[in-house]
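The next block holds one structure in the form of structure tokens; read it before the comments.
The values are calculated or read from the model by the stated rules, or taken from the named source; none is laboratory data. As the structure is a computational prediction, the values presented were derived from the model and not from experiment. Counting neighbours? That spans all protein chains shown, and the Cβs are built from the backbone with ideal geometry, glycine included. Protein only, heavy atoms only, side chains kept; ligands, DNA and RNA dropped before computing areas. Shrake-Rupley method; radii C 1.70, N 1.55, O 1.52, S 1.80 Å.
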Amino acid sequence: MTSVAIIDYGMGNLHSIAKALEHVSGKQRIVVSSDREQILSAERVVFPGVGAIRDCMSELQKTGLDEVVIRAAADRPVLGVCLGMQALLDSSEENTGTDCLGLFSGKVLHFSKDMHEAGSGDRLKIPHMGWNQVLPTYQHPMWKDIPANSRFYFVHSYYTAPDNAEDVAATTPYGIEFTSVIARDNIFAVQFHPEKSQHAGLQLLSNFVGWNGES
Amino acid sequence: MGLAKRIIPCLDVDAGRVVKGVQFVDIRDAGDPVEIARRYDKEGADELTFLDITASSDQRDTMVHVVEKVAGEVFIPLTVGGGIREVADIRRMLNAGADKVGINTAAVFNPEFVKQAAARFGSQCIVVAIDAKQVSKAGELQRWEIFTHGGRKPTGIDAIEWAQRMNQYGAGEILLTSMDRDGTRDGFDLALTRAVSEAVDVPVIASGGVGNLQHLADGVIEGKADAVLAASIFHFAEYTVGQAKQRMADCGIEVRL
């Protein structure tokens, strides 16, 4: 029985996330798959992604895997990562406007090019790249054994702006306080890369493979 | 509170062995990149950079295996540079588990390659490595140019303009090495670092010349670098990455401890 399926829709390299999940999953089977049956037979689904949102959406539509994401999100634990988080919203302003999956109400926005560091006044670089703090807004089983305000590894130029405050599970300061994690019922989606975030990231993935989807 | 400045140990790998690491004292196989990577990870390195200095192409597969092994047990970002000349080289390294690739000479000879690479794989994984040397004389307005072949061949390209162009072409990050300082242990070229960092939107990694921990802090405070890279001070076990972070924190720099 496959425990975790990582959706492979041709966007970037899934080696890292598969390796990190294997590292924490014990005997549970991890598969990287583009096969809808195989994905939908998994107990848990990871929806990753890097690159540009328009390519991401067009690959999802071409492969029919957009429906698979929506079906998985209806009834089992789903972890969205990076672009896999952004694609869950209504739309993104990347590539002069791209419609997304609409599982969460809200938009994906570009960081302002005119943001400055509070103390030094230095201009903040884009992409937001490196280790930043993740500040949970409420208790959630996915945060088990992760100290509050732990640092995770980010690399992105766009961020999600959900319409509903209750969808925000964590924020991160970078010029503004942006939403770095969204969650609702059995869906948990992160802007950072848990597979590249050492102890805290591996703990999060370990929590995911043990999560029953209740929050 | 906010984004941490990164410390990035760099491993020069030749035919599968770390070449500057021969004086490592407390690990058995002194030059094994996997063991060294593991150690830096444990010490709290924020990322690792592997520079493949292998000259012959038939040895390049060795680097792929090194990256595969490291990526299977070290869960922080990995960058691989050296010998990245075409799209196939990038794909091979990313498939092996690298998160980013460093493009240096190939960008100088064919700038369009950076555009292609960023369009294909995303800017987040394209690091353009720039080797710069000061060409202005004392008393003149400071100017730096791009050099290739380990600092031996001038190209006549202005370093600041080049960095801006690479930024526009889709580089997600700039790895900036001062060829004047590389290997000297006199510290980064802070004027160069600052000039480039202020001229581009993307993060800049300072490299070349680190001889002590204060140099790393200076690179961030005076050089305005977003990350600092060093090889020999860590390889020769003079300092740990943890000590480097502590020094940066003592200087008021945000780090991941």
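Tabulated data
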{"read-out": "Selection of trypsin sites (Lys or Arg not before Pro), the stretch A:88-129, meeting DSSP coil and at most 16 other Cβ within 10 Å", "value": "A:113"}
{"read-out": "Cα lying deepest toward the dipole's positive end in the protein assembly as shown, options B:36, A:159, A:101, charges on Cβ", "value": "B:36"}
{"read-out": "Whole-number D in µm² s⁻¹ for the stretch B:113-257, Kirkwood Cα-pair radius fed into Stokes-Einstein, 4 °C, 1.567 mPa s", "value": "83 µm²/s"}
{"read-out": "Protein heavy-atom accessible area occluded, A/B pair - total, 1.4 Å probe, Å²", "value": "2900 Å²"}
{"read-out": "Debye, to nearest 20: dipole size of the protein assembly as shown, +1 on Lys, Arg Cβ, -1 on Asp, Glu Cβ", "value": "560 debye"}
{"read-out": "Average projection area in nm² (convex hull over Cα atoms of the stretch A:4-210, one quarter of hull surface)", "value": "10.7 nm²"}
{"read-out": "Average other protein chain Cβ within 10 Å of Cβ, residues A:90-101", "value": "0"}
{"read-out": "Whole-angstrom gap from the stretch A:22-51 to the stretch B:69-116, using each part's C-alpha centre", "value": "26 Å"}
{"read-out": "In the stretch B:82-187, GluC sites (Glu not before Pro) in a DSSP loop with at most 16 other beta-carbon atoms within 10 Å", "value": "B:86, B:140"}
{"read-out": "Radius of gyration and Dmax over the Cα atoms of the protein assembly as shown, both given in Å", "value": "21.6, 72"}
{"read-out": "Rough spin-label spacing in nm, given labels placed 7 Å along Cα→Cβ, for residue B:184 and residue A:164", "value": "6.0 nm"}
{"read-out": "Above-threshold pairs, the threshold being 28 Å between Cα atoms, out of A:113/B:100; A:19/B:224; A:113/B:5", "value": "A:19/B:224"}
{"read-out": "Segment residue A:114-residue A:145, length gained on full extension (0.36 nm per residue, minus Cα span)", "value": "7.5 nm"}
{"read-out": "Estimated FRET transfer efficiency (residue A:41, residue B:138; beta-carbon r; R0 51 Å; 0.05)", "value": "0.10"}
{"read-out": "Considering only chain B, percent of DSSP beta bridges that pair antiparallel, nearest 5", "value": "20 percent"}
{"read-out": "Rh (Kirkwood; distinct C-alpha pairs) - chain B, Å", "value": "18.2 Å"}
{"read-out": "Measure of compaction for the stretch B:75-178 (Cα Rg per 2.2 N^0.38 Å)", "value": "1.10"}
{"read-out": "Helix-only CD estimate at 222 nm, as mean residue ellipticity for chain A, using -39500 (n - 2.57) per DSSP H run (n ≥ 4)", "value": "-7000 deg cm²/dmol"}
{"read-out": "Per DSSP, loop chymotrypsin sites (Phe, Trp or Tyr not before Pro) in the stretch A:77-160 with at most 11 further Cβ within 10 Å", "value": "A:138"}
{"read-out": "DSSP beta bridges in chain A [antiparallel fraction, %, rounded to 5]", "value": "60 percent"}
{"read-out": "Three-way shape label, the stretch B:1-138, alpha-carbon gyration tensor, a/c 1.5", "value": "rounded"}
